[in-house]
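Just so you know, all these numbers are worked out from the coordinates, no wet-lab data involved. On a predicted model such as this, the values are computed, not experimentally measured, just so you know. Please note: Cβ atoms are built from the backbone with ideal geometry, for glycine as well, and neighbour counts cover all protein chains shown.
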Amino acid sequence: MGHTRRVIPFTELGRGDVGRVGGKNASLGELTVQLAAVGVRVPPGFATTAEAYGELFDGHALRTRVQDQIDLLHDGVALEDVGAAIRSMIMAEPLPQELKDEIAAAYAAFARELGRSEPDVAVRSSATAEDLPQASFAGQRTSRPCPPPAPG
């Protein structure tokens with residue numbers, strides 16, 4: 001089995017990569033490539049792949065453990081409690097060493113490109129199905145409805 005890249009620079013991404021790196025990252029890649037041709041500079045960066053995320057889940061049996069938590073919703077456990085449990089499980093697991101190494105190498109390349117030893121970064125999540133042509137649910141929260149606005 002060949003090596004799957006876990007980290008990809010924006011310069012190698014485009015709108016066809018939504019399934020691999022999510023909508024925000026694919027769009028940043030598209031902007032980086034398309035706007036550079038007309039002299040507009042987009043800040044550099046890189047994306048971790050859906051495959052890398054899958055490795056974290058598969059390496060720690062998180063898929064089963066997360067599904068067990070989701071199943072608790074059918075037993076009346078509050079969404080907030082299930083979400084907190086799932087976040088705790090994910091945060092408790094170490095990243096696979098290969099992923100850590102690739103992220104560190106990408107950050108080092110990023111730093112060299114900027115000419116800084118420790119550049120500041122913005123970290124964004126980008127679900128692979130967050131913004132689809134037929135639906136967008138970015139930021140959707142369903143645990144409870146928002147209260148109506150106050151009168152006046």
- Does segment 83-127 hold any residues that are more than 22 Å from Gly29 (Cα to Cα), among the hydrophobic types (A, V, I, L, M, F, W, C) and in a loop (DSSP other than H, G, I, E, B), and which are they? Leu95
- Item | One residue from Ala52, Ala78, Ala106 being in contact with a helix residue (DSSP H, G or I) (Cβ under 7 Å, 6 or more places away or on another chain) and small (Gly, Ala, Ser) | Ala52
- Do we have Gln34 as within 25 Å of Glu93 (Cβ to Cβ) and part of a helix (DSSP H, G or I) here? no
- Task: From Glu51, Glu80, grab the single residue that is touching a residue at least 40 places away in the same chain (Cβ under 8 Å), more than 21 Å from Arg5 (Cβ to Cβ), in contact with a Ser or Thr (Cβ under 9 Å, 6 or more places away or on another chain) and part of a helix (DSSP H, G or I).
- Result: Glu80
- Consider Leu56 against the criteria (1) within 23 Å of Ala106 (Cβ to Cβ); (2) of a type in the set (A, V, I, L, M); (3) in a loop (DSSP other than H, G, I, E, B): it satisfies all of them except one. Which criterion is unmet? (3)
